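Shown next, in structure tokens, is the structure this report addresses.
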């Protein structure tokens, strides 16, 4: 927007980081078509990967700092801010003193974050069943079709269908393998085409990689 | 340094795809495009949040994940420019209305870029003072993101949410269920197909797959990005042709 | 879709309580239920039991099934930590079967949480609290633990594993372990690969070196792994607790997967009944209004 | 630790009743422990990947300077005059990431499309079976679903009927995924329930206690005991 009147040279200068980035992108992409890869491309790829701890570190510190400030301002969330900052501090101290392999550090991570993840992932089941019960009404033919398929899926992926007739799970598996499989492919492939179009827009400096 | 050129067939497909899109950029200008529901709906969400007097949740989850280049990463990276531009435009819309935007992401680089784009949006709207850097929420993992989002939804009684990005193992539905509890308007477009199925279940407005990557082009007045979208149709039509005509030729033993 | 929403269950907490109730009751008194065995599970078992031929490249590779000394590389490189509760019984039963057949098992985890999950729930069950002290360790089983690098690492390991990763999860030298003497150049020295929700093996190993690959995942992993099975890259798949029950039946090894089936059976039955009743009610009401 | 493990798992569920202190405690622990762990892991990663390799045997390794420069450049986001330095490095990070995976796009859409074409009419040579019928259906459904994504009038209008069928194909995936996801994830709940009953020590009483507390709260709000208003509005 607002760049149509500029000369190509002006545009390139104004978008120098993007141009450099695009050159970097094609240097890296070339690795796919070369065997073995060329040294400069490999060095560039590795350097970017190796530098990633910096942004992660910066935003993690910002996250903790936000809660430190809340503590200092005695916000209403005080007890929770103390827990966040305190637990983060314990982890950092353990990690820096005993190393990242410290047993307590690993145990805390396993018994808080890994189990927390499993909890959130398991909560998906209830979060799906709830809207299914609320929403699934055959108001249109499409909805009726959707409900029919859901019943088929429930019968296929539990012993219910097999108990009624073996053809039911066979039908469900057929739908899953051949129709859902094709649908999944179309989804991904349209996304990949979209990604290549995005890169074309980037090459023509039409996609914003910086805010102004 | 010597190396050999490999996978030449894919290289040819790659070059032809780019060529098609580049030519389209200049030839197909002015072609009429259909609507993408989430573009307009995102601004509607700002207005809904204004009416309800609550902040707007702008959650992008794993968008920008795999900056290190995992094989599945292109799609999460392709979402970055589109969602950032949307964030900026939403910020511009929200700033004069006094709506607070609370973001959530699990990607560090994306969190930093969000800060930059959101600040610019508030500045362009003439309200730089309204920008609160602490509303850019980075979480160390998806679990922290989901649990904190749910907490914020309840605590601020969130009235509208734009969730364009990606979540882990369809955990977006846990956030959606919390949004249902507060009666929030939900605009969603997810990266992964299984996450999209969750959005299809409950979202008020939904876009998916390449539609989400195209949002940046829809937000621009420039005809060239839209012409490139038109070029995408040529590639899709070609691939459909490969399946239909190629299928016949293979089946009849010609190929 | 939700513009069509009309809440019959005004308080969603009823749904939550119902689900928990079903799970508790199913867990307390499991009964055996008939299980349909899907083709990809049969293929999984056949590959382990009888073998398979992989012919993406010339010459084809003949794999004769898992027997004494078969080198099996297990890649714990997907979302195992998040899906463990859905994969636990299948992985446990398959592991038991591999051990019973005398396989040499090499385990790699792609992330700390994946490693922690198996360390906490699987390895103690198989090899005790300190697996490295088990008599099988180094001879029939080696744990590489978490090694960073993802698919890039697999690219490097295909030629020389020990050169890139000289030590196991417990700091022991791999070169000193009898099992690793012929389990190094993975492109030819891994007879079978079993991925735990693993991605990318098709392009790195299958199409280039004809490596037989099997996959294990959660129930819904099928939505993204099925493509590779139908395309012939994966020679079989076991999905979720239903897959665990299928493998128990196929292999005759006793396990706990059936109690999970009772849970899904009860939930499915109730959901089907709710959907049918709610829709019949809806249609009748609509007719009345007309 | 087993007590902490069970507490975290079920406290996360307690928000289904309403936002409450148990949930917020669990959430704060997840964020705090996660942030601390991430910091430690990344300090360790940079140390092993860069710092330890910057000087090797007294000689500087020039290849290691680039990660240092890129990393430090991120700090420029806090210096308004140098914001473009930060932008350059963030864009480079984005585009290098894209460069690694860019070729997978054409590789995938070409090989999948050709693969479907090759198998579509297998029933002609192999006879009609569930498998060959499925392969034909896959090719047809793929073409239909792809047509759904047409953006432009010139492609979308003449293919309206196909696009409608394409939408149905996408809906099939959606319906099947919603149900299989629910069934798969519910096994995770049961797995933890069994763990609380059969694990050593048994921890089933933790969720039971939580349930009782929430039940009491439903009839007699516990915050009355504290005598303070709550910020929770739901």
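Listed conditions (1) more than 26 Å from residue C:111 (Cβ to Cβ); (2) buried (at least 24 other Cβ atoms within 10 Å of the Cβ) are all met by residue D:55, apart from (2). Among the residues of the stretch C:234-264, write down those that are without any contact (Cβ under 8 Å) to a residue 40 or more places away in the chain and surrounded by fewer than 24 Cβ atoms within 10 Å (Cβ to Cβ). C:252, C:254 - these are the residues of the stretch C:234-264 that are without any contact (Cβ under 8 Å) to a residue 40 or more places away in the chain and surrounded by fewer than 24 Cβ atoms within 10 Å (Cβ to Cβ). Scanning the stretch B:221-242 for residues that are at the interface with chain A (Cβ under 7 Å from one of its Cβ atoms), in contact (Cβ under 8 Å) with a residue 12 or more places away in the chain and surrounded by fewer than 22 Cβ atoms within 10 Å (Cβ to Cβ) yields a total of 1.
Could you please give the count of residues in the stretch C:146-169 that are within 11 Å of another protein chain (Cβ to nearest Cβ) and either free of Cβ contacts under 8 Å to residues at least 40 places away in the same chain or over 11 Å from residue C:110 (Cα atoms) (or both)? Counting residues in the stretch C:146-169 that are within 11 Å of another protein chain (Cβ to nearest Cβ) and either free of Cβ contacts under 8 Å to residues at least 40 places away in the same chain or over 11 Å from residue C:110 (Cα atoms) (or both) gives 6. Among the numbered conditions (1) at the interface with chain A (Cβ under 8 Å from one of its Cβ atoms); (2) surrounded by fewer than 23 Cβ atoms within 10 Å (Cβ to Cβ); (3) farther than 24 Å from residue B:84 by Cβ, the only one that residue B:183 does not meet is (1).
Would a scan of the stretch A:90-108 turn up a residue that is more than 8 Å from chain D (Cβ to nearest Cβ) and within 25 Å of the chain's Cα centre (by Cα)? Looking for residues that are more than 8 Å from chain D (Cβ to nearest Cβ) and within 25 Å of the chain's Cα centre (by Cα), one finds at least one in the stretch A:90-108, hence yes. Does residue B:116 satisfy the condition of being in a helix (DSSP H, G or I), within 26 Å of residue B:177 (Cα to Cα) and assigned by TED's automatic domain parsing to the domain that holds residue B:181? The answer is no for residue B:116.
Cβ-Cβ contacts under 6 Å between residues 6 or more apart (or on different chains), taken from a first residue in the stretch A:120-138 that is in contact (Cβ under 8 Å) with a residue 12 or more places away in the chain and assigned by TED's automatic domain parsing to the domain that holds residue A:153 to a second residue that is part of a helix (DSSP H, G or I) and surrounded by 23 or more Cβ atoms within 10 Å (Cβ to Cβ), are absent.
Checked against the criterion of being modelled with pLDDT of 95 or more, under 30 Å from residue B:199 (Cα atoms) and more than 7 Å from chain D (Cβ to nearest Cβ), the candidates A:133, A:151 yield just one match: A:151.
Do we find a residue being within 12 Å of chain D (Cβ to nearest Cβ), touching a residue at least 60 places away in the same chain (Cβ under 8 Å) and assigned to a helix (DSSP H, G or I) anywhere in the stretch B:81-88? Within the stretch B:81-88, one or more residues are within 12 Å of chain D (Cβ to nearest Cβ), touching a residue at least 60 places away in the same chain (Cβ under 8 Å) and assigned to a helix (DSSP H, G or I). Residues considered: C:274, C:267, C:204. Of these, the only one that is assigned by TED's automatic domain parsing to the domain that holds residue C:141 and either touching a helix residue (DSSP H, G or I) at 6+ places or on another chain (Cβ under 7 Å) or surrounded by fewer than 22 Cβ atoms within 10 Å (Cβ to Cβ) (or both) is C:204. Within the stretch A:27-78, the set of residues being surrounded by fewer than 14 Cβ atoms within 10 Å (Cβ to Cβ) and touching a strand residue (DSSP E or B) at 6+ places or on another chain (Cβ under 6 Å) comprises just one member, A:35. Every residue in the stretch B:73-87 that is under 13 Å from residue B:118 (Cβ atoms) and surrounded by 24 or more Cβ atoms within 10 Å (Cβ to Cβ), please. Correct list: B:83, B:84, B:86, B:87.
In this structure, residue B:122 does satisfy being surrounded by fewer than 23 Cβ atoms within 10 Å (Cβ to Cβ) and either modelled with pLDDT of 90 or more or under 21 Å from residue A:122 (Cα atoms) (or both). Among the residues of the stretch D:140-161, just one is away from chain A (no Cβ under 12 Å) and in contact (Cβ under 8 Å) with a residue 12 or more places away in the chain, namely D:159. Are any of the residues in the stretch A:161-181 under 24 Å from residue C:40 (Cβ atoms), in contact with a helix residue (DSSP H, G or I) (Cβ under 8 Å, 6 or more places away or on another chain) and part of a loop (DSSP other than H, G, I, E, B)? Scanning the stretch A:161-181 turns up no residue that is under 24 Å from residue C:40 (Cβ atoms), in contact with a helix residue (DSSP H, G or I) (Cβ under 8 Å, 6 or more places away or on another chain) and part of a loop (DSSP other than H, G, I, E, B). The single condition among (1) under 32 Å from the mean Cα position of the chain (by Cα); (2) at pLDDT 90 or above that residue D:125 does not satisfy is (1).
The values are calculated or read from the model by the stated rules, or taken from the named source; none is laboratory data. If you're wondering where the values come from, they're calculated on a predicted model, not measured in any experiment. Methodologically, a virtual Cβ is constructed for each residue, glycine included, from the backbone with ideal geometry; neighbour enumeration extends over all protein chains shown.
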